[in-house]
Each structure stands twice: as structure tokens, then as C-alpha cells.
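Trainee: Take this structure first; my questions come after.
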Amino acid sequence: MLELAGIVILGIIAQWFAWRLKLPAILPLILIGLLVGPISTLFTADGAKLIEPIWNGEKGLFPGEGLYYFVSLAISIILFEGGLTLKQSEIRNVGPVITKLITLGSLVTFFGASMAAHYIFSLSWQVSFLFSALIIVTGPTVITPILRNIPLKKDLSTVLKWEGILIDPIGALAAVLVFEFISVGEGHGYTQTALIEFGKILLFGFTFGFTFAHGLVFAIKRNFIPHYLLNVVSLSVVLLVFIQSDFFAHESGLLAVVVMGMVMGNMNLPNIKELLYFKESLSVLLISILFILLSANINIADLELIYNWKTLGLFAIIVFLIRPIGVFLSAMGSNLSFNEKLFIGWVGPRGIVAAGIASLFGSKLLAKGEPGAEYITPLVFMIVLGTVLLNATTARLFAKLVGVFLKNSEGILIVGASKVSRLIGEYLYKNNRHVVLIDNNRTNIDKAKKLGLEAINANIYADNLADNIELSDIGYLMALTGNVDINSYAISKFQKQFGENGAFRLVSAEEMNNPENNPKEGLFSHTDDFVKLMETSRNYPNIHEIELNDLEHYEGLIEITKADPDIIPLFLKDLEGDIKIISSFSKDFTDIIAGYQLAYLGKPFESDITK
């Protein structure tokens, strides 16, 4: 009981320190696991570990293969939660790159790392290929915390996020096939077995994931599941899908839960956010327990085995040679710049799937007496710990060095997805600005998505909104709701994070009637509040542009909009097409020249005043 409680307490403490230091939690978790595991044998009185994961005599938490069953079930929940976050709309521009990364990039890692392990450590080809299959994966548990702390272009963060989630079942599948090769033996018998297993994994993984996803969504929409049981029923279905798929095709469960998560995440499910929050909280707890357990399960002899220069050489080849080669080959012909490819090649931390399956297969092969099997677990953990440590400490600096770090975040977050917000968002999107709408009204969000806009169904008061990777390049904040309190809260809460270049809100009715109280963060005009915007958008649902001659021409038009309730100024577009938000002060622009354009909502200006 003391050990179980200690693992949970230490895990949450590690998560808190990771949050404070802006590091992936996996780093302190592994270090704690090593400290209470193999390292503790150096100072305990009887030379035993403080925490022994596998039952050994009178000490241990899990008998037999109990630890690995727990690890497998926990990983299934983590990957399902990751699958829920994958939105098809995110990959419009980078879909081919992601596909190549999880196919061609995986092959480069598979063959490159196996050759390095074989020639550096003189391991058999079978064990070398198993090692390389295990380190194919990157993993959402380590990628996500890194991306949250680095402002990047949306396409760049999307590539890394999708690769981290989709490549986990790919790596697991490759590891299973190699393990089968070692178990069955070389020759025709293996070839036939491998093809059959590969086909079964794909068949049952996709079938179970797709079918149960639609079944669960149907049950939720038809209210067959009471609200208070929604999360736990969903959890039980995920576990059922995993074990059922795994029963019919060994190791197909991971693919099934990822497919299930992706399908549900892209369906019109009203409870998706609530489900995601629950799974996210559960994933944090499971990750905290898993990494401590798996790290503690390593023995001091395993660490001594790889304590040499060969290990450093293997790590360098995998991280600084094989990973970049795989990325550059996968990104050939894409819209990614050379520096963006360089950054993706630098960021490739391994995560929970690599560590979990390595412990499972390593111990099984060791029990069978496979030569070199003792290297599997420690080498994989070395890659996991080394890549996490490297990327967690250098990713932000490297992003700045190669020029992918967004010094000026140009994305725009619009709070509220009403009709006028959608009109404005659509205009910004058509003018090549990354715009995200947020609203807790599902209907508004659905309408925004039908227009091709990126929209998030969330509550502005949610604590985890700031952790959303999709908002990493946001630099402007526009609060456009009809609630004065929500608009003011959005400015005060998120101005520093999302409004570094400008945070604006609509003026209230009181402020509109008293121009002297015109707030500095006022948006568009001090004579137009939410009600006037909505009325104008209903009567004139179009955003027009008018070319300007000079500053005097602009100021004259602004004065006209103050007197005409059917015209509301919105943006100023310069000669390069860059969009600037007009504040209610309307005194921010002094360098307007011929060719600039004023974007406005409402009826068109009369022809005799446009020049």
C-alpha cells in the first residue's frame, strides 16, 4: 500500500515540477523512477529497491506479467485520448508530409538504427531490428508539453503532433513483427506468419476502432448512457476495444484505440470536450504511474551494461543523423522550408510506448535466453531519457536559432462565434491569417466549421485553454461576445498569452453612450456595440474594401462611419496585404498612403465620398 501511494504522490509532484519548469513530465518521472528503483539499491540496507514493480519473493507490486498488462491497458487509454485531439481540418497543408513521416520516416529509422545497433554493440540482426522498431515512435506524452511552450506556425506544430500520435501504433506493429520473427525463427515459416499477423492487425485494428467509435457515438447521441456514467462507460468501451482487438490479433489493440479516438474526435459529438477532459486527467495519472514503474523496473546491472562510449555514439547517430535524414526525405516537395524541416528533424523525443513495449519484449526474450536481449530495455530507456532531456532543454533555443520561433505571433483568436464573428473570421482567413474562433455554443462552432474556419468548442473560463497547441501562434485577441463580463474577462485573463500584439473587446452600451470612457482596448468603434454589429451583419452580411488615398482620406471615412449606423470600420490592409485591427480610438495609424484599403462591415460607401 505504501509503495502504491508513494508512486501516485511522487508522480503528481513530478507533474507539478514539470509544469512549473515548462518541461515534459516524462523527464522528472523517469529520474524519480531510477532513484527509487536501481539507484536506491546503492544506499538501502539490504540492497533492495525502494519500489520493486515486479513481484519478487515477498516484495513487489505486480505478480508475473501483471505489470505489462497494466502498462498495455494504460497505453491504450493514453493513445485514445491522443486520437481524440486529431482533427482532419488541421492537415490541409501537411497531410502528405505526415503520411511520409509515419511510413518512409519509419523505414529510415528502422533500418538505420538497426545497422547502428548491430555494428556498434555487435548485437544480432534480430535484436538490432527489435531495438530500431521500438524507437520508431515519438509519442504525444513528450511532444505536447514541448510544443505548448514554443510559438510555432500551425503547420509545423501540426506535423509534430500528428506524427507523435499516429506513429505509436506503427512502432508497436513493427516491434510485434520483429518479435514474431525472433520467436518463430527465420525462413518461410516466419514470412507466412508475419504476413498473416500484419493483415490481422490492420483488419481487426481498423474494424474494431471504426465500429465501436460509431457505436459509442450513437449511444451517446441517443441518450442511452446517463450523463453521470458517460466518462466511465467510454473508458470501459476503450478497454473493451483494446482487449477484444488484441484477442483476435496480438498487438492490434493500440491501432484500434487510436482509430477509435480519431473517428470520435472528428464526429459531431456534443460531449467530446467533457470526454476529452476526463481522459486527459486520467492520462496524466497513468503517465505518472507508468514512467515511475518502468524506470524502477530497470536494474543497476542494466545501467552498467550501457555505461560506455558506445552508447553515446549510438545516441548521436540516431538523433543527429538518422532522424534528420528521415525527416528531409519525408518532406521533399512539401511547403515546409529548409529551417522547418531542420526543426522537425531536431525534435523527436521518444515516449511511453517505446519504454513500455521495450520492458515487455526485453524481459520475454531475456527469459528465452536470446543473445543480446539484455540490451533492449536499457538502450531504449537511454534513447527515451536522452531525447527527452535534449529536446526539453534545447527545442526552444533551437527554434530561435533556425528561425522558426514566431517572434511576432500573427494568429488571431476570436472569442465568440456568432454570425458577425464568423463573417469577420472568414474575411481574415481569406486574407491568409490564422484565425481561431472559440465559443461554448456548439451550434455556432458547427456553423463556423462549415465555413472552413478553425473553431474550438470550449468555455473561456476553462483553465486548460491556455495549453491548447492550436493556439501557439496566436498574437491577437478579439472578444466579440454579447456579454460584457465575458469580453472583459477574456482580456484580463489572456491578454499576455494571446494578445501580446493587441487585445481588443467590443465597447459596452454604457461606454458607447459616453465617448469619454472609451476604453483603450475598445474594438472597431466607440459607437458600435454587439447589438449594432449583429443588426448590421443581418442587414448587410458582407465585408467590403475601399481603397484609400492618404491619411486624411482614411480619417474622413472614419468620421462618416461614426455618423452612419450602417457602416462599421473593421480593418486596415496595407500594400503587402497585412491586416491591422482598428481600435475604437482609431488613432493608431499615421503612415497611410495610397493603395491602403479600409475593410468595413455594412452598406457600401456612396460613390461620391470614396475619393
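The values are calculated or read from the model by the stated rules, or taken from the named source; none is laboratory data. Only a predicted model underlies this, so the values are computations on that prediction, with no experimental measurement involved. Methodologically, a virtual Cβ is constructed for each residue, glycine included, from the backbone with ideal geometry; neighbour enumeration extends over all protein chains shown. Ligands, DNA and RNA are excluded from the accessible area calculation, which covers all protein heavy atoms including side chains. Shrake-Rupley method; radii C 1.70, N 1.55, O 1.52, S 1.80 Å.
Trainee: Applying the selection to region 220-241, what residues are open to solvent by 70 Å² or more (accessible area, probe 1.4 Å) and closer than 12 Å to residue 264 by Cβ?
Mentor: Once the filter is applied, which keeps residues that are open to solvent by 70 Å² or more (accessible area, probe 1.4 Å) and closer than 12 Å to residue 264 by Cβ, region 220-241 yields only 221.
Trainee: As an exercise: evaluate residue 82 against (1) at pLDDT 75 or above; (2) part of a helix (DSSP H, G or I) and give the number of the one condition it does not meet.
Mentor: Of everything listed in (1) at pLDDT 75 or above; (2) part of a helix (DSSP H, G or I), residue 82 misses just condition (1).
Trainee: Residues being surrounded by 15 or more Cβ atoms within 10 Å (Cβ to Cβ) and within 42 Å of the chain's Cα centre (by Cα): count how many of those fall in region 535-556.
Mentor: Adding up the residues that qualify gives 7.
Trainee: With the requirement that a residue be open to solvent by 20 Å² or more (accessible area, probe 1.4 Å), in contact (Cβ under 8 Å) with a residue 12 or more places away in the chain and assigned to a helix (DSSP H, G or I), what does region 330-359 give you?
Mentor: Result: 339, 341, 342, 346.
Trainee: Only residues in region 42-62 that are within 22 Å of residue 289 (Cβ to Cβ) count as the first member; pair them with residues that are modelled with pLDDT under 75 and among the small types (Gly, Ala, Ser), Cβ under 6 angstrom, at least 6 apart or cross-chain, and list the lot.
Mentor: Taking only residues 6 or more apart or on different chains, the pairs are 52/60; 54/60.
Trainee: Same structure, new question: Condition first: closer than 25 Å to residue 419 by Cβ and either part of a loop (DSSP other than H, G, I, E, B) or in contact with an Asp or Glu (Cβ under 8 Å, 6 or more places away or on another chain) (or both). Now tell me which residues in region 566-586 satisfy that. Let's see the steps before the verdict.
Mentor: Residues of region 566-586 closer than 25 Å to residue 419 by Cβ: 566-573, 579-584, 586.
Of everything in region 566-586, those that are closer than 25 Å to residue 419 by Cβ and either part of a loop (DSSP other than H, G, I, E, B) or in contact with an Asp or Glu (Cβ under 8 Å, 6 or more places away or on another chain) (or both) turn out to be 566, 568, 573, 580, 582, 583, 584, 586.
Trainee: Criterion first (hydroxyl-bearing (Ser, Thr, Tyr), at pLDDT below 85 and farther than 30 Å from residue 502 by Cβ) does residue 387 satisfy it? If you could, list the steps in order and put the result at the bottom.
Mentor: Values: hydroxyl-bearing (Ser, Thr, Tyr): yes; at pLDDT below 85: no; farther than 30 Å from residue 502 by Cβ: yes.
Here the answer is no, as residue 387 does not meet what is asked.
Trainee: Filtering region 1-28 down to residues that are outside any helix (DSSP H, G or I) and open to solvent by 30 Å² or more (accessible area, probe 1.4 Å), which residue is farthest from residue 67 (Cα to Cα)?
Mentor: Ranking the candidates gives 22 first.
Trainee: Does region 349-362 include one or more residues that are aromatic (Phe, Trp, Tyr) and within 23 Å of residue 71 (Cβ to Cβ)? Quick ask: steps written out before the conclusion?
Mentor: Step one: filter region 349-362 for residues aromatic (Phe, Trp, Tyr), giving 361.
Narrowing further to those that are within 23 Å of residue 71 (Cβ to Cβ): 361.
Yes, because at least one residue in region 349-362 is aromatic (Phe, Trp, Tyr) and within 23 Å of residue 71 (Cβ to Cβ).
Trainee: If we keep just the residues of region 300-329 that are within 28 Å of residue 103 (Cβ to Cβ) and among the aromatic types (Phe, Trp, Tyr), which is surrounded by the fewest Cβ atoms within 10 Å (Cβ to Cβ)?
Mentor: 320
Trainee: Given the criteria open to solvent by 40 Å² or more (accessible area, probe 1.4 Å) and part of a loop (DSSP other than H, G, I, E, B), does residue 50 qualify?
Mentor: Details: open to solvent by 40 Å² or more (accessible area, probe 1.4 Å): yes; part of a loop (DSSP other than H, G, I, E, B): yes.
In short, yes.
Trainee: Restricting region 29-47 to residues that are closer than 21 Å to residue 14 by Cα and of a type outside the set (A, V, I, L, M), which is surrounded by the fewest Cβ atoms within 10 Å (Cβ to Cβ)?
Mentor: 40
Trainee: A further question follows. Let me spell it out: the conditions are (1) of a type outside the set (D, E, K, R); (2) over 28 Å from the mean Cα position of the chain (by Cα); (3) in a helix (DSSP H, G or I), and residue 320 meets all of them except one. Which number is the exception?
Mentor: The failed condition is (2).
Trainee: Something else now. Here's a check for you: in region 242-261, which residue that is open to solvent by 10 Å² or more (accessible area, probe 1.4 Å) and over 15 Å from residue 202 (Cβ atoms) is nearest to the chain's Cα centre (by Cα)?
Mentor: Among them, the one singled out is 242.
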